[in-house]
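Contents: one structure, followed by commentary.
Values quoted throughout were computed directly from the atomic coordinates according to the rules given, and no laboratory measurement underlies them. Predicted model only: the values in this text are computed from it and were never measured. So basically every Cβ, Gly included, is an ideal-geometry build from the backbone, and we count neighbours across all protein chains shown.
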Amino acid sequence: MPLIPGYEDGPLVEGDRHLDNPLFWPVHLASCLRGEDAEEAAFGADWDAATELHRALFSEHAWPVFDVPLLSGHTVHVVYRDIDGDRGVDYLVHHPSWPAAETLAVDDGHFMGPGTAWHELVAVAGQSAATGVTDADARLLLLFPTLGDTSLPDDAAPRLTAALDALTAIEEPAEVAGMLLEHQGQWEPVDWRRRDGVWINDGGHSYRNPANPFALPGGRLREISAALNGEHPHPGEHGATGTP
């Protein structure tokens, strides 16, 4: 298991074995399923099995990691982290030239995000990769909990429905897709705009809102924006920290 800079002390293990389990996906998306109706539609009669899988994913002794390589050479790492009962899913971005991974979003009780716009999820899903998570539907669903976008296109629901239909045993994937898009992540959907070639948002909990005191440095915002959208940063930008 390759180390993630900044997570060297974590008991990281490859999580790919879970990807072929149809139940993994509703468990992974559980924080975006609000209310009993949504949970029943997603899990059906598999609630007990889902609970067991949830426990298996969150372990202090083994943190499953899912890698989503990007064409730019960056990788999005999805880490199921459990530190003394502090459980959550960390969405990280790293490039080999960086000293440490940067946080894109955090899905836990102290959530931080959103980390992506809808068009970025689609762009990441469409980037081919020879290693890590290679299936386009799996890449879309894996990063879906980072989503927060007020301007969803008309084809968002059909695209998400198709992914759920392909990878899960959900009986009514269109119904669940609608519920997921209605609530998205743990945060309120935000407005995205492109400023000086960089996609940023207005979310009060987002690392990609330059107005927040904890926002990523400008150079990182630019590089991450380009990587997620399948663009290429200008030469010399890796590791840059200037303003966008």
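Out of all the residues in the range 57-67, is one or more under 30 Å from residue 223 (Cα atoms), assigned to a loop (DSSP other than H, G, I, E, B) and not polar (S, T, N, Q)?
no
Let me spell it out: the conditions are (1) crowded, with 16+ Cβ neighbours inside 10 Å; (2) within 30 Å of residue 46 (Cα to Cα); (3) of a type outside the set (A, V, I, L, M), and residue 171 meets all of them except one. Which number is the exception?
Looking at each condition in turn, residue 171 falls short on (1).
Within the range 18-31, identify whether any single residue is among the aliphatic types (A, V, I, L, M), within 18 Å of residue 177 (Cα to Cα), within 19 Å of the chain's Cα centre (by Cα) and not in a helix (DSSP H, G or I), and answer yes or no.
Yes, there is a match, as at least one residue in the range 18-31 is among the aliphatic types (A, V, I, L, M), within 18 Å of residue 177 (Cα to Cα), within 19 Å of the chain's Cα centre (by Cα) and not in a helix (DSSP H, G or I).
Look at the range 32-51 and say how many of its residues are assigned to a loop (DSSP other than H, G, I, E, B) and surrounded by fewer than 19 Cβ atoms within 10 Å (Cβ to Cβ).
2
I'm checking my understanding of the structure. Among residues of the range 69-87 that are over 19 Å from residue 8 (Cα atoms) and within 14 Å of the chain's Cα centre (by Cα), which one is surrounded by the most Cβ atoms within 10 Å (Cβ to Cβ)?
70
Please list, ordered by residue number, the helices (runs of 4 or more DSSP H) wholly in the range 109-189 having 3 or more residues that are over 20 Å from residue 38 (Cβ atoms).
118-125, 136-143
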